[in-house]
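Working notes for the structure below.
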Amino acid sequence: MSQTEMLDRLVADEMRAALGSVFIGREIIVLDQTGSTNDAIVQIATPNSSEGLVLFAEHQTGGRGQRGNRWESAAAKGLWVSILLRPGIELNRSPLLTAWAAETISGVIENEFSLKTIIKLPNDVQIDSRKVAGVLVEMRAHEKAPHSAIVGIGINVNQTLEDFPQELQSRAISLAIALGRQVDRQNLAIALLRDLDHSYRERFG
């Protein structure tokens, strides 16, 4: 990890302190690297793990989107995060979670940066018709406990155009590209978790 990347680290304790009393973000883990945050949170979580557990990775080597598509996850350039939830809905209603997460991400980007976003159903958030964020919800059935849901979120934050593979450069965008400046990822992560917590309790609480 470069010196610049080291300076722009996500710090779990600082996020927890800034969030105060929340449901989503009551426990936060930040990994240097993992294959996929959705897979990692499943490996870390136990049946007794608190709902609202949040796991970030500075770098994903096997990030994925809908239909098994690869999600490019440049180190220390975006927010790659998964959240453990038990929303009390049936497995076939998981699109409700996808819509909730996409709408919340869209709102955070518009509120924090005054950028116009569009949700491309079912799970993409776009700026200028280019993908800036995506959601992957994976539900898991449990016989003697409420079904769990892993909500994976990827947001392109500080990538330059060259950070994206050539085949994606016309279809992907980062907040930094849209704004013409770098973004504080820690502050964005706090704003994202705060809004996810509020909107989740309103919709599923």
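Data overview
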{"item": "Any hit, the range 102-111, residues being in contact with a strand residue (DSSP E or B) (Cβ under 8 Å, 6 or more places away or on another chain), over 29 Å from LEU161 (Cβ atoms) and either surrounded by 13 or more Cβ atoms within 10 Å (Cβ to Cβ) or of a type in the set (Ser, Thr, Tyr) (or both)", "result": "no"}
{"item": "Residue in the range 173-180 that is of a type outside the set (Val, Ile, Thr), open to solvent by 80 Å² or more (accessible area, probe 1.4 Å) and either out of contact with any Ser or Thr (no Cβ under 7 Å at 6 or more places or on another chain) or touching a residue at least 12 places away in the same chain (Cβ under 8 Å) (or both) present", "result": "no"}
{"item": "Which numbered condition GLN159 misses (of (1) open to solvent by 40 Å² or more (accessible area, probe 1.4 Å); (2) in contact with a Lys or Arg (Cβ under 7 Å, 6 or more places away or on another chain))", "result": "(1)"}
{"item": "Verdict on LEU136 being open to solvent by 10 Å² or more (accessible area, probe 1.4 Å), under 30 Å from VAL11 (Cβ atoms), within 16 Å of the chain's Cα centre (by Cα) and touching a residue at least 60 places away in the same chain (Cβ under 8 Å)", "result": "yes"}
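The values are calculated or read from the model by the stated rules, or taken from the named source; none is laboratory data. Please read all numbers here as calculations on a predicted model, not as lab measurements. Note: ideal-geometry Cβ built from the backbone for every residue, glycine included; neighbour counts use all protein chains shown. Only protein heavy atoms, including side chains, enter the accessible area calculation; ligands, DNA and RNA are left aside. Shrake-Rupley method; radii C 1.70, N 1.55, O 1.52, S 1.80 Å.
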